[in-house]
Amino acid sequence: MSTAARRRLAGELRSVCMRISRRARFENTETIAPHHFSVLARLEKSTATARELAEHECVSAPSMSRTIGALVERGYIARTDDPDDGRQTILSLTPEGRSTLRQTRRSRDEWMLVRLGDLTDEECEVLDRARDILARVAAR
């Protein structure tokens, strides 16, 4: 494939991936906002401080404080004092937060399943192979 063709493919793939991502993220906003979901998904992996979350999400500390406040208020995350540093608070996912993550993921998966419903078996097989390739691209 020529350099020009790869450049065109790069732009088209980026655009399509962004559209799919955006549509899937905003599909279930009545339960949880996309930025709230992102924080919950991060906390599912491990506990974190507000600063760590702000850095991970590339947002300001005040913005993350508002997000954390909303998630604590809804019972999705819990605050505990850091045993090693009394100035820090450790944030963790609650059972309600885990349940909300599962529910949101199921809803997003259902959204995608509906879109795959009109595809042929061959098209689904191509997407299955493309998924592995895109995962490798995303991991770089």
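Please treat every number below as a calculation from the coordinates, not as lab data. Worth saying up front: this structure is predicted, and the values here are computed from it rather than measured. All Cβ positions, glycine included, derive from the backbone under ideal geometry; neighbour counts span all protein chains shown.
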request  = For segment 3-139, just list the percent of Cα-Cα distances falling in each 10 Å bin from zero outward, please.
outcome  = 10, 32, 30, 19, 8, 1
query = Contour minus end-to-end for Asp118 and Ser99, with contour as 0.36 nm per residue of separation and end-to-end as the Cα-Cα distance?
reply = 3.8 nm
note = Projected onto the charge dipole of segment 1-104 (unit charges on the beta-carbon of Lys, Arg, Asp and Glu, signs +1, +1, -1, -1), the Cα from Ala5, His56, Met18 with the largest positive-side position is that of Ala5
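Rounding to the nearest 20 debye, state how big the charge dipole of segment 1-139 is about its Cα centre with +1 on each Lys and Arg Cβ and -1 on each Asp and Glu Cβ. Walk me through the numbers before you get to the answer.
Numbers: 24 positive and 22 negative charges, 99 e Å.
Using only the charged Cβ atoms, the result is roughly 480 debye.
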